[in-house]
Amino acid sequence: MPPDPAHLDQRFVWHPFTQMQDWLRTEPIVLDRGRGSVLHDTRGRTYLDANASIWTNLHGHNHPLLNRALREQLTKVAHVSALGFANPPASRLAAELVRQSRFRGEGPRLGKVFFSDDGSTALEAAIKLAHDYTRRTRGPRPKPRFLSLGGGYHGDTLGAVSVGYSSLFHGGYRDLVFKSDTVMAPYCYRCPYNRARPERADARTYRSCGWECLDQVDRKLAAAQRSGRPYSAFVVEPRIQGAAGMIPQPDGWLKETCARVRDHGALIIADEVMTGFGRTGAGSSLFACGVEGIRPDFLCLAKGLTGGYLPMAATLTTQAVFDAFLGDYSEFKTFFHGHSFTGNPLGAATALASLGLLTEPGNRRHRQRLERALGQELESLWTLPAVGDVRRVGLVTGVELVRDWPTRTPFPLEAQAGIRVCQAMARRGVLTRPIGNVVVLMPPYSTTLRQLKTMVTTLHDAIGEVLGG
Ligand SMILES: Cc1ncc(COP(=O)(O)O)c(C=O)c1O
């Protein structure tokens, strides 16, 4: 008998973002097979993947077309270095990403693609490029600075942590990160400027405010200008902040904010690691920026780039940024940055197949149907007293659990309300992961309408069981 994988895991594996003391208490779910939106474990149990394998999976597991693209590339070569060599799938993928990024909107055209491995590394490349570009074009002084949104999460490498600092996650290495500024995110449900009493509806639809969040942006930018140290770049997750707790932006906020940032003279770094590839709406653009008509200076992509198959990321930028790094070798203007697996052909071939699927009209129509159905199904959650806010953008949903909805009183984190609800969902055969008190539903595009209904009713029943119906 081969050793039991659950046993080996508990003996040898250290899991990310996991209190291992809790992990070691119960036998883990060991997933070993999947097809479409269904996953199977080694004990013969079946689950629906309602979290798209931590927001990566687009077309479902074990997709025949993605499998074929990967297999075909395997018969040629699994990896060649991008340090010194080109490879056909990476070249084609770069051209296709640039094509897809040329949506109608305000801002520069993206034209160059820097490949890396993960969301964090996509951000890391953008941060370094923006920093150095500003230094090169504005002169060595003043030192470039970054502005990002409060609560934003951009990855776990130190540059990404610097623009997405959270005292809970990163307090232990505060001394290692560089200083950057944040401005309040438009979190309508918990906005101190929202004077509306809670209703049984998405807070964006009944908020009552004077757009004070935009005043805050104005103030930040003006203070930086006055100090003689303007920002070099603004880092933003367009349309909805993911790990901050699925916080969607009210209509118009992104456009207004980006216009102000541009007037200030700063670059825009759009972190579409979570929002990219149609996740926020099956409109004509694959990107949340495109939906809002904002063309950033940097577009950071990962997670869904390969349909969720392989770790691969891309940082798209403009010709202007690229040109600032050109020169005679002896000038040492080279972007001295890269990874061993940059431009990996297996990832690139799979990404091309995924983009092909995404742009099929049938695929878009199905996503539109899923979005409509998800909106309707979610209505049922308002009957539950522990539901404070239900917010959805495209196929991304956050359900905020509260102890008392008329006062928006949250559960203390120690109560593990989100974790307990997700455990109850897993017992009923639906897998997802909470962000504190927010339960996430992010179905892969392979999900059928019936599976979608099961995901929502399971969430409903799990909340009822754990927190009262
Ligand atoms: C918006 C955003 N940016 C960056 C990252 C980091 O990506 P990765 O985990 O692939 O490093 C994440 C991960 O959840 C994310 O949601």
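The values are calculated or read from the model by the stated rules, or taken from the named source; none is laboratory data. Nothing here was measured: the structure is a model prediction, and the numbers come from that model. Don't worry about glycine lacking a Cβ; one is built from the backbone with ideal geometry, like all the others, and counts go over all protein chains shown. SASA here: full protein model, heavy atoms, side chains in, ligands and nucleic acids out. Shrake-Rupley method; radii C 1.70, N 1.55, O 1.52, S 1.80 Å.
Numbers for the structure displayed
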item	result
FRET efficiency, 1/(1 + (r/R0)^6) with R0 51 Å, evaluated for TYR329 and ASP461 via beta carbons	0.20
Volume of the Cα convex hull of the chain, divided per residue and given in Å³	156 Å³
Cα pair count fraction exceeding 17 Å, expressed as % - the range 101-198	65 percent
Three semi-axes of the equivalent ellipsoid, the range 339-469, Cα gyration tensor, whole Å, largest first	32, 19, 13
Filtered trypsin sites (Lys or Arg not before Pro), the range 268-337: DSSP coil and at most 16 other beta carbons within 10 Å	LYS333
Burial order of peptide ranges 265-274, 306-315 (average beta-carbon count within 10 Å, highest first)	265-274, 306-315
Long-range HN-HN contacts of VAL387 with modeled amide H, under 5 Å	VAL402
Karplus-derived HN-Hα couplings along the range 320-327 (A = 6.51, B = -1.76, C = 1.60, θ = phi - 60°), whole Hz, x at Gly and Pro	4, 5, 4, 5, 5, 9, 8, x
Ordering of 395-408, 93-106 by packing [mean C-beta count within 10 Å, highest first]	395-408, 93-106
Accessible surface of the chain, 1.4 Å probe, proportion on carbon and sulfur as whole %	54 percent
At least 18 Å along the helix axis (C-alpha) and Kyte average at least 0.0, DSSP helices within the chain	345-358, 449-467
Within the range 332-363, chymotrypsin sites (Phe, Trp or Tyr not before Pro) in DSSP loop having at most 13 other beta-carbon neighbours inside 10 Å	PHE332, PHE336
Share, in percent, of DSSP beta bridges within the chain that are antiparallel, nearest 5	70 percent
PHE85/ARG109 FRET efficiency (R0 41 Å; Cβ-Cβ; nearest 0.05)	0.90
Between the range 351-394 and the range 409-441, the Cα center-to-center distance that results, in Å	20 Å
Cα-based Lys proximity count in the chain, under 19 Å, for pairs eight or more positions apart or on separate chains	10
Dipole-positive endmost among HIS460, TRP14, GLY283 within the chain (Cβ charges, Cα centre)	GLY283
DSSP-defined beta bridges in the range 123-251 - what % are antiparallel, rounded to 5	25 percent
